[in-house]
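Asks: Please see the structure below; I have some questions.
The values are calculated or read from the model by the stated rules, or taken from the named source; none is laboratory data. As the structure is a computational prediction, the values presented were derived from the model and not from experiment. Heads up, the Cβs are rebuilt from the backbone with ideal geometry, glycines too, and the neighbour counts pull from every protein chain shown. Ligands, DNA and RNA are stripped out before the accessible areas are found, and what is left, the full protein with its side chains, is counted by its heavy atoms. Shrake-Rupley method; radii C 1.70, N 1.55, O 1.52, S 1.80 Å.
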Amino acid sequence: MRRMIPTSFSSKCQGVISMNALRCYVSEFISTFFFVLAAVGSVMASRKLMAGDVSGPFSVLIPAIANAFALSSSVYISWNVSGGHVNPAVTFGMAVAGRISVPTALFYWTSQMIASVMACLVLKVTVVEQVPIYKIAGEMTGFGASVLEGVLAFVLVYTVFTANDPRRGLPLAVGPIFIGFVAGANVLAAGPFSGGSMNPACAFGSAMIYGSFKNQAVYWVGPLLGGATAALVYDNVVVPAEDDRGSSTGDAVDV
């Protein structure tokens, strides 16, 4: 069932500062912190294992596996509390689709951004090494990288919407697994080109601790537009809310 968004300003304010809302923000912080710690930390670990080599196949394979496992786990632990967004692009898509209010989305973003910065700070302080940032391949343009990140985010957010759809009748643990799978596949596909971020918070946190925001717009504009497009396509084109399909065979419904 989709959440009803409050219509009055006072009810919106009450909704974003309630105890239940605070639990959601804390849940997003914890899950995002864990994901960024694993995603960025895996890049640092791969470089350590390969003596600084950033061009070998394991420099992509290790982060891809870490992204898949970490995102599956992060989404699962916050699935029943905050919805397991772990990504501003997912939150943006949910807001565009009307599943959460804009004020709530802003608080989600704040929790995710702070968590990402804290995770990267922990890595820098404990490992005593500069955290890596997402970079664009030399042969790519900023526009091309933004489009690529947008397409990756579209696939990720579309998978999230599919996994969240109660009409599919999926068990609780299945959705997060497939969300992690698609994230890992995206990193394998785009790691050498744009890093396969798909997550503005992850890109922001590493850039903040690294101290460089070069090409940061690529990791915001593309994923946010991709996430919003996925939400609109899923809710209004592919599986509209009024679609009460009686069977899984694709039979048309009488109107």
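Asks: Name the pairs whose Cβ atoms lie under 6 Å apart, with the first residue in the range 226-241 and farther than 21 Å from Gly196 by Cβ and in contact (Cβ under 8 Å) with a residue 12 or more places away in the chain, the second open to solvent by 10 Å² or more (accessible area, probe 1.4 Å) and hydrophobic (A, V, I, L, M, F, W, C), and 6 or more positions between them or separate chains?
Replies: Within 6 Å, the pairs are Asp235/Ala97.
Asks: Sticking with this structure for a sec: Kindly list the number of the only condition in (1) of a type outside the set (S, T, N, Q); (2) in contact with a helix residue (DSSP H, G or I) (Cβ under 6 Å, 6 or more places away or on another chain); (3) open to solvent by 10 Å² or more (accessible area, probe 1.4 Å); (4) in a helix (DSSP H, G or I) that fails for Gly222.
Replies: Of the numbered conditions (1) of a type outside the set (S, T, N, Q); (2) in contact with a helix residue (DSSP H, G or I) (Cβ under 6 Å, 6 or more places away or on another chain); (3) open to solvent by 10 Å² or more (accessible area, probe 1.4 Å); (4) in a helix (DSSP H, G or I), the odd one out for Gly222 is (3).
Asks: Go through the residues of the range 118-133 one by one and say whether even a single one is crowded, with 16+ Cβ neighbours inside 10 Å, out of contact with any helix residue (DSSP H, G or I) (no Cβ under 7 Å at 6 or more places or on another chain) and at pLDDT 95 or above.
Replies: Taking the range 118-133 as the starting set, the residues that turn out to be crowded, with 16+ Cβ neighbours inside 10 Å are 118-120, 122-124, 131-133.
If we keep only those that are out of contact with any helix residue (DSSP H, G or I) (no Cβ under 7 Å at 6 or more places or on another chain) too, we end up with none.
No, the conditions are met nowhere in the range 118-133.
Asks: Also: Out of all the residues in the range 159-176, is one or more modelled with pLDDT of 90 or more, open to solvent by 60 Å² or more (accessible area, probe 1.4 Å) and in a helix (DSSP H, G or I)?
Replies: No: the range 159-176 contains no residue that is modelled with pLDDT of 90 or more, open to solvent by 60 Å² or more (accessible area, probe 1.4 Å) and in a helix (DSSP H, G or I).
Asks: Run Gly84 past the list (1) on the phi > 0 side of the Ramachandran plot; (2) open to solvent by 60 Å² or more (accessible area, probe 1.4 Å) and report the number of the one that doesn't hold.
Replies: (2)
Asks: I need the full set of residues from the range 5-31 which are within 23 Å of the chain's Cα centre (by Cα) and modelled with pLDDT under 85, in order please. Please lay out each step first, then the result.
Replies: Going residue by residue through the range 5-31, those that are within 23 Å of the chain's Cα centre (by Cα) are 5, 16, 20-31.
Residues satisfying the conditions are Ile5, Val16.
Asks: Additional query: Can you confirm whether Val151 is assigned to a helix (DSSP H, G or I), open to solvent by less than 70 Å² (accessible area, probe 1.4 Å) and touching a residue at least 24 places away in the same chain (Cβ under 8 Å)?
Replies: The answer is no for Val151.
Asks: In the range 188-197, which residues are among the aliphatic types (A, V, I, L, M) and open to solvent by 10 Å² or more (accessible area, probe 1.4 Å)?
Replies: Matches in the range 188-197: Leu188, Ala189.
Asks: Given the residues Ile114, Ile77, which is the only one that is open to solvent by 80 Å² or more (accessible area, probe 1.4 Å), part of a helix (DSSP H, G or I), at pLDDT 90 or above and closer than 24 Å to Val174 by Cβ?
Replies: Every option except Ile77 fails the conditions.
Asks: Among the numbered criteria (1) more than 21 Å from Ile209 (Cβ to Cβ); (2) over 13 Å from the mean Cα position of the chain (by Cα), which one does Ser46 miss?
Replies: Result: Ser46 fails condition (1) only.
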